[in-house]
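The values are calculated or read from the model by the stated rules, or taken from the named source; none is laboratory data. Everything quoted here is computed from the prediction, not taken from an experiment. Cβ coordinates were reconstructed from backbone atoms using ideal geometry, including for glycine residues, and neighbour counts include every protein chain displayed.
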Amino acid sequence: MRLAVIPGDGIGPEVIAEALKVLGEVVPTAEITRYDLGASRWHATGELLPESVLGELREHDAILLGAVGDPSVPSGILERGLLLRLRFELDHHVNLRPARLYPGVKSPIVDPGEIDMIVVREGTEGLYAGNGGLLRKDTPHEIATEVSVNTSFGVERVVRDAFGRASARPRKHLTLVHKTNVLTHAGSLWSRVVEEVSLEHPEVTVAYQHVDATTIHMVTDPTRFDVIVTDNLFGDILTDLAAAVTGGIGLAASGNLDITKRNPSMFEPVHGSAPDIAGQGIADPTAAVLSVALLLDHLGQNESARRIEASVAFDLATRDHASPGGTFAIGDRLAALVSSNVRVS
Ligand code: NAD
Ligand code: IPM
Ligand code: MN
């Protein structure tokens with residue numbers, strides 16, 4: 001297994017160190033190549049993602065990324081020039097973001113029930129496409145546009161993936177989240193594609209919800225969701241919320257998948273570089289560890305992925321959530337649990 005690792009900025013390197021500790025217990029033979037992409041390389045050389053590095057990344061089976069973004073770099077430089085460029089160049093069209101309330105984890109919702117959903121977020125289009133610009137800059141009549149790009153091809157492939165995932169889950173329920181009452185052009189395309197693909201999946205029940213109402217239900221009735229399919233920006237926002245209701249952003253994992261497997265997929269916590277806590281050794285590395293489990297699943301190493309998930313589940317069920325220990329202590333615990341092959345009943 002050839003893995004490229006981009007620790008990145010802020011808490012990225014801190015959580016990645018623990019994720020690699022855990023990976024070492026299940027796949028000790030993994031060949032790891034580190035890439036120093038991120039704020040410090042940009043400051044030192046002006047480089048974000050050189051072509052030669054992109055070429056090397058393509059030669060790996062998967063990429064593990066910590067987080068990018070730093071207060072010393074203007075907003076958007078690293079996010080667009082590095083993270084989004086990777087997602088776009090490597091055609092990461094399915095951004096898979098599970099959100100599950102593990103036993104023992106406290107949700108801010110008083111009576112949350114058993115939350116277990118996956119958000120299938122489109123990863124290469126929408127408002128992230130970079131289709132826009134500034135006109136008449138620095139005049140009183142400045143105009144800023146960001147145009148959402150939704151292609152039939154792009155919507156269909158992510159919707160198909162979401163139906164496939166819904167079909168494989170016990171509840172077989174899919175919710176399209178959009179804003180069809182206002183974004184009538186993109187909304188119409190998404191709705192039609194969902195309707196068409198649903199004909200091939202009579203076993204999947206389908207619901208539609210506007211994104212604003214979805215934020216209500218995510219808090220008041222989160223168990224209604226099984227699989228959510230949505231566009232790039234709605235998916236970004238909803239997955240931070242889904243993380244918050246399932247115990248916090250420190251637990252939320254993600255995979256940026258090229259489901260055709262033509263390019264390596266990339267796995268990363270949903271959270272960012274958290275400059276407010278970077279360097280303190282208090283970031284929760286669990287999201288990064290669970291991202292390794294998603295990576296292993298993607299590479300067909302399902303048994304190893306289950307071992308990691310079981311260890312996380314055990315740790316979360318037995319953790320003192322008021323003082324869970326620091327980044328290093330949590331990583332050590334998880335590595336020990338994986339090594340002892342702990343199972344949860
Ligand atoms: P953030 O996710 O970094 O932090 C939001 C809040 O969550 C902060 O209070 C932070 O301390 C907390 N938090 C995050 N991860 C945590 C963890 N593992 N354990 C405990 N607490 C954790 O979001 P932000 O503050 O909006 O963004 C900071 C920077 O990260 C920005 O530059 C942003 O662009 C970037 N960012 C990068 C990614 C990525 O690389 N995938 C994702 C989101 C944000
Ligand atoms: C995420 C992040 C990124 C996104 C940013 C940093 C580009 O918020 O991975 O959720 O918006 O997708
Ligand atoms: Mn986000």
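Would you pick out the residues in the range 1-23 that are within 11 Å of residue 67 (Cα to Cα), not in a loop (DSSP other than H, G, I, E, B) and not hydrophobic (A, V, I, L, M, F, W, C)?
Listed by number, the residues that qualify are 7, 8, 12, 13, 14.
What residue, of 242, 207, is more than 27 Å from residue 61 (Cα to Cα) and surrounded by fewer than 16 Cβ atoms within 10 Å (Cβ to Cβ)?
207
I need a count of the residues in the range 134-168 that are in contact with a Leu (Cβ under 6 Å, 6 or more places away or on another chain) and assigned to a strand (DSSP E or B).
The qualifying residues number 3.
Which residue pairs have Cβ atoms closer than 7 Å, lie 6 or more positions apart in sequence or on different chains, and pair a first residue in the range 265-277 that is over 19 Å from residue 255 (Cα atoms) with a second residue that is away from ligand 2 (no atom under 12 Å from the Cβ) and not in a strand (DSSP E or B)?
274/11; 274/283; 275/71; 277/11; 277/283
If you take the residues in the range 123-138 that are under 22 Å from residue 267 (Cα atoms) and touching a strand residue (DSSP E or B) at 6+ places or on another chain (Cβ under 7 Å), which one is surrounded by the most Cβ atoms within 10 Å (Cβ to Cβ)?
123
Scan the range 284-304 for residues that are within 16 Å of ligand 2 (Cβ to nearest atom) and either of a type outside the set (Ser, Thr, Tyr) or more than 18 Å from residue 264 (Cβ to Cβ) (or both) and report the count.
Here the count works out to 5.
Looking at the range 1-34, which of the residues that are more than 15 Å from residue 296 (Cα to Cα), surrounded by fewer than 24 Cβ atoms within 10 Å (Cβ to Cβ) and without any contact (Cβ under 8 Å) to a residue 60 or more places away in the chain is nearest to the chain's Cα centre (by Cα)?
Looking at the filtered set, the residue picked out is 13.
Tell me the helices (runs of 4 or more DSSP H) entirely within the range 254-345 that contain at least 2 residues that are closer than 25 Å to residue 123 by Cβ and assigned by TED's automatic domain parsing to the domain that holds residue 54.
Passing ranges, in order: 286-298, 302-318.
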